[in-house]
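What follows is a single structure, written as structure tokens, with notes after it.
The values are calculated or read from the model by the stated rules, or taken from the named source; none is laboratory data. Just so you know, these numbers come straight off a predicted model, no measurement behind them. FYI the Cβ positions are ideal-geometry reconstructions off the backbone, even for glycines, and counts take in every protein chain you see. Side chains are part of the model used for accessible areas, which takes the heavy atoms of the whole protein and leaves out ligands, DNA and RNA. Shrake-Rupley method; radii C 1.70, N 1.55, O 1.52, S 1.80 Å.
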Amino acid sequence: MTLSEELSRAVRTVPDFPEPGVQFKDITPILSDVDLLRKAVRALAEPYMDEGITKVVGIEARGFIL
């Protein structure tokens, strides 16, 4: 199974949240699976590993952790 498939299977869909017609994608199951989270973070970082990047700054209004 590919990482993309693993992640897709782990994401939980919550129908009609926060309002009817919206399908909320809950990534909490990924965050609670240490191995899967590690794979996801590595996949995000891998293309930049040889770029000499020493710091990453992310600004997001809700305080999202990734």
Which condition number does Lys25 fail, the rest of (1) assigned to a helix (DSSP H, G or I); (2) in contact (Cβ under 8 Å) with a residue 12 or more places away in the chain being met? (1)
Qualifying residue in region 55-62 (condition: part of a helix (DSSP H, G or I), without any contact (Cβ under 8 Å) to a residue 40 or more places away in the chain and surrounded by fewer than 10 Cβ atoms within 10 Å (Cβ to Cβ)): no
Listed by first then second residue, the pairs whose first member lies in region 1-22 and is over 14 Å from Asp33 (Cβ atoms) and without any contact (Cβ under 8 Å) to a residue 40 or more places away in the chain, whose partner is assigned to a loop (DSSP other than H, G, I, E, B) and open to solvent by less than 80 Å² (accessible area, probe 1.4 Å), with beta carbons under 7 Å and at least 6 positions apart or on separate chains, are Asp16/Val22
Applying the selection to region 28-51, what residues are open to solvent by 100 Å² or more (accessible area, probe 1.4 Å) and either touching a Pro at 6+ places or on another chain (Cβ under 6 Å) or in a helix (DSSP H, G or I) (or both)? Arg38, Arg42, Leu44, Glu46, Tyr48
